[in-house]
Amino acid sequence: MSAARVRLLETATRLFYAEGVHTVGIDRIIAEAGIAKATFYRHFKTKEDLVVAYLEREYGRQREALESVEAHGFDGIVTIFGTLRDISCGPGFRGCPFLNAAVEFPDPTHPVRRVVDDYRTWFRELMAERLRAGGHRAPDEAARVLLMTRDGVTISGGVGDSETVRAGIAAAMNQIA
């Protein structure tokens, strides 16, 4: 990946996450990344291509982090949700980048929404896999509850409601235990 592409993605990530996708224009990203407009268009044909690249990069980062949790079964899920709790209750947390983008791109066939759907499917399958490893009696159903919990945790954390984050995670962990 070229240095200019990295700067564009880092700048877009910072701005999209902090302010939202539709509120940040390409000219601002180009200026803050310190590149020429032609360089932007050499790497991305449209702003939407940049948004997809931003989400794919975040998907890869989260996938690497969560799949590297060494504990398996229920212990792995507890570890993952403990990490989500800490991040969601931490400073500067503005919610889930995937859910934030989904709100801004309501068309379910849009490429941005496909990345969001792929991420959420992956997360649900990761939870089901961990539940199966722990011998859970209904891993697919419980994995959906955990996906909903993850979504709720990121929304509650994004609005600064750390008590609901903690309560939601505790309730989900009790239900799947």
Per-residue ellipticity at 222 nm attributable to helices in the chain (runs of n ≥ 4 DSSP H, -39500 (n - 2.57) apiece, nearest 500 deg cm²/dmol) works out to -25000 deg cm²/dmol
Comparing 68, 162, 88 in a Gaussian network model of the chain (Cα, 10 Å), the one with the largest mean-square fluctuation is 68
Any trypsin sites (Lys or Arg not before Pro) in region 1-75 that lie in a DSSP loop and have at most 11 other Cβ atoms within 10 Å would be 45
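About the Cα centre, and with charges only on the beta carbon of Lys, Arg (+1) and Asp, Glu (-1), how big is the dipole of the chain? Nearest 20 debye, please.
It works out to roughly 340 debye.
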Taking the dipole of region 36-106 about the Cα centre (Lys, Arg +1; Asp, Glu -1; charges at Cβ), the one of 91, 50, 73 that reaches farthest to the positive side is 50
Residue span residue 10 to residue 159: 0.36 nm per residue of separation minus Cα-Cα distance leaves a gain in nm of 51.3 nm
So, with points 7 Å from each Cα along the Cβ direction, the residue 64-residue 171 label distance in nm works out to 3.5 nm
In Å², rounded to a whole number, the accessible area per residue of the chain with probe 1.4 Å is 52 Å²
Env charge @ residue 151, Cβ radius under 12 Å, K,R +1 / D,E -1, value +4
In terms of the charge dipole of the chain, which places +1 on Lys and Arg and -1 on Asp and Glu at the beta carbon, the residue among 159, 139, 112 farthest towards the positive end is 112
Residue 6 neighbourhood, Cβ < 13 Å, K/R = +1, D/E = -1, net charge +3
Once both label points are put 7 Å beyond Cα along the C-beta direction, the residue 2-residue 99 separation in nm becomes 3.7 nm
Pseudo-spin-label distance residue 32 to residue 138, built 7 Å along Cα→Cβ, given in nm, is 4.5 nm
If every Lys and Arg gets +1 and every Asp and Glu gets -1 at its Cβ, then about the Cα centre region 66-120 yields a dipole, in debye to the nearest 20, of 200 debye
Measuring from the longest principal axis of the C-alpha atoms of the chain, the long axis of helix 3-19 (C-alpha) lies at a number of degrees, nearest 10, equal to 60 degrees
Taking Cα atoms only, helix 139-158 is inclined relative to the longest principal axis of the chain by an angle, in degrees rounded to 10, of 50 degrees
In order over region 24-33: 3J(HN,Hα) from phi, Karplus 6.51/-1.76/1.60, θ = phi - 60°, whole Hz, x for each Gly or Pro, gives 9, x, 4, 4, 5, 4, 4, 5, 6, 7
Residue-ordered couplings for region 36-47, obtained by feeding phi - 60° into the Karplus form 6.51 cos²θ - 1.76 cosθ + 1.60 and rounding to whole Hz (Gly and Pro as x), are 7, 4, 4, 5, 4, 6, 6, 9, 9, 6, 9, 4
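The values are calculated or read from the model by the stated rules, or taken from the named source; none is laboratory data. Computed from a prediction, not measured in an experiment: that's the story for all the values here. Here the Cβ is made from the backbone with ideal geometry for all residues, glycine too, and neighbour counts use every protein chain on show. Accessible surface areas use protein heavy atoms only, side chains included; no ligands, DNA or RNA. Shrake-Rupley method; radii C 1.70, N 1.55, O 1.52, S 1.80 Å.
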